[in-house]
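Participant: Here it is, the structure, as structure tokens.
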Amino acid sequence: MRKIAPFAVIAALTAAPAVASEPATLTRLDDRTVELARTDSAPVNVWVSTDPVLDKGDQRFAAASKEIALKLPIPASERRYVILEGKGGKTTVVAERVLPLQQGSNFRDIGGYATRDGRTVKWDKAFRSGAMPLLTEADYALLDQVHLGAVVDLRSIEEREVTPDMLDDRTGALFLANDYSLKPLFAKMAKGGGENMYEGMEIMLVPQFRALFNRLLANEGAVVYHCSAGQDRTGIATALIYDVLGVDRETILKDYHLSTGFRKPQWEMPKVDPADYPGNPILKYYAARADGQPPKAEPLYTPSGASHLAQFFTYLDRQYGGTEGYLKQKIGLTDADIAKLRATMLD
């Protein structure tokens, strides 16, 4: 569906440093262990919690630790938050960005990034993902721990026909989707030789984006939003959220390109007989390669080496005066809505 970016561009992405606007990160090492990495060695108390709030029920793992790398025994089956308590009781919350699902793809918490005014996107408020047709019982058990309030499905009728969501049924979350066909979307993305591929998608997906922002504003439990790969439509939605919250665009772009490594296409589509879904365009995208393997995740760059999202930001700025202008003009958000969104989503 998309031409591969030049090797030099891919190499530059691979060599790029980790996103700089995170004061600390949690990376899973194995099923029983995560590694906490910090950007400074100021002494902190390290607590492990079942939620992002430090309280009496939390377990202190280390006192006055100056370690910039620390291994913690947190099982993959448990959603846990690490709280760093510094001087004066100031706390920093850290969680696994990528949830360790057995058969999920690109499922991650959007929290943890700093904004330009020094605030932080809250953990446990919103999660992005690819399609989830093959989640295991262990996966559902883990996702049940994040207290989902809504699932916003950004996919088309054709995609939902083949792989309907089950997460809402299993967790009791509200399910929201709007009907449209994938064929015009694919046709639009194919035009222009792979350049400016996202232009117009902000109009096509107005109902989906409106549903997403309405659920974030409702603040009634965590929100999961997803498409099939969790990178294009979901990437645009995530960029809109981050941009209006005040995350710098360099961080937004780096986060967007993480999808290439976090996708697991083999878990995005079950094995089905295309004859059962005649003319369904999503099956052509997921058709097995000549070697029988599922499609590979594609770097999100144009043939000229530009980031698809960077091009979209340029278009958004020119067409609407930026993300906030788009959200007001097309999604219907007011100044009060945007202020509420920031109050709800930021620490």
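The values are calculated or read from the model by the stated rules, or taken from the named source; none is laboratory data. Only a predicted model underlies this, so the values are computations on that prediction, with no experimental measurement involved. Note: ideal-geometry Cβ built from the backbone for every residue, glycine included; neighbour counts use all protein chains shown. Accessible surface is based on the protein model in full, side chains and every heavy atom, while ligands, DNA and RNA are left aside. Shrake-Rupley method; radii C 1.70, N 1.55, O 1.52, S 1.80 Å.
Participant: Just to be sure I understand, how many residues within region 187-208 are more than 22 Å from the chain's Cα centre (by Cα) and open to solvent by 20 Å² or more (accessible area, probe 1.4 Å)?
Facilitator: The total comes to 7.
Participant: Could you grab me the full set of residues in region 18-44 that are among the polar types (S, T, N, Q) and surrounded by fewer than 18 Cβ atoms within 10 Å (Cβ to Cβ)?
Facilitator: Taking region 18-44 and keeping what is among the polar types (S, T, N, Q), we get 21, 25, 27, 33, 39, 41.
Within region 18-44, 27, 33, 39, 41 meet the criteria.
Participant: Continuing with this model, one more query. Give the residues of region 291-318 that are of a type in the set (A, V, I, L, M, F, W, C), within 19 Å of residue 249 (Cβ to Cβ) and either within 19 Å of the chain's Cα centre (by Cα) or open to solvent by 40 Å² or more (accessible area, probe 1.4 Å) (or both), sorted by residue number.
Facilitator: Once the filter is applied, which keeps residues that are of a type in the set (A, V, I, L, M, F, W, C), within 19 Å of residue 249 (Cβ to Cβ) and either within 19 Å of the chain's Cα centre (by Cα) or open to solvent by 40 Å² or more (accessible area, probe 1.4 Å) (or both), region 291-318 yields 300, 309, 310, 312, 313.
Participant: Of the residues that sit in region 54-93 and are without any contact (Cβ under 8 Å) to a residue 12 or more places away in the chain and of a type outside the set (Asp, Glu), which one is most open to solvent (accessible area, probe 1.4 Å)?
Facilitator: Let us first name the residues in region 54-93 that are without any contact (Cβ under 8 Å) to a residue 12 or more places away in the chain, namely 55-57, 88-90.
Those still in the list that are of a type outside the set (Asp, Glu) too: 56-57, 88-90.
On the way: 56: 207, 57: 73, 88: 86, 89: 42, 90: 150 Å².
Top of the filtered list is 56.
Participant: Quickly run through region 247-263 and pick out the residues that are farther than 18 Å from residue 324 by Cα, of a type in the set (A, V, I, L, M, F, W, C) and part of a loop (DSSP other than H, G, I, E, B).
Facilitator: Answer for region 247-263, where residues must be farther than 18 Å from residue 324 by Cα, of a type in the set (A, V, I, L, M, F, W, C) and part of a loop (DSSP other than H, G, I, E, B): just 258.
Participant: Of the residues in region 94-122, how many are open to solvent by less than 20 Å² (accessible area, probe 1.4 Å), touching a Leu at 6+ places or on another chain (Cβ under 7 Å) and among the polar types (S, T, N, Q)?
Facilitator: Selection size over region 94-122: 1.
Participant: For residue 244, all conditions in the list (1) open to solvent by less than 10 Å² (accessible area, probe 1.4 Å); (2) part of a helix (DSSP H, G or I); (3) under 30 Å from residue 103 (Cα atoms) hold save one; what is the number of the exception?
Facilitator: (3)
Participant: Now for a different question. Kindly provide the set of residues from region 113-152 that are closer than 20 Å to residue 81 by Cα and acidic (Asp, Glu), ordered by number.
Facilitator: Correct list: 124, 139, 144.
Participant: Mind checking which residues of region 330-344 are of a type in the set (S, T, N, Q) and either part of a strand (DSSP E or B) or surrounded by 13 or more Cβ atoms within 10 Å (Cβ to Cβ) (or both)?
Facilitator: Across region 330-344, the qualifying residue is only 344.
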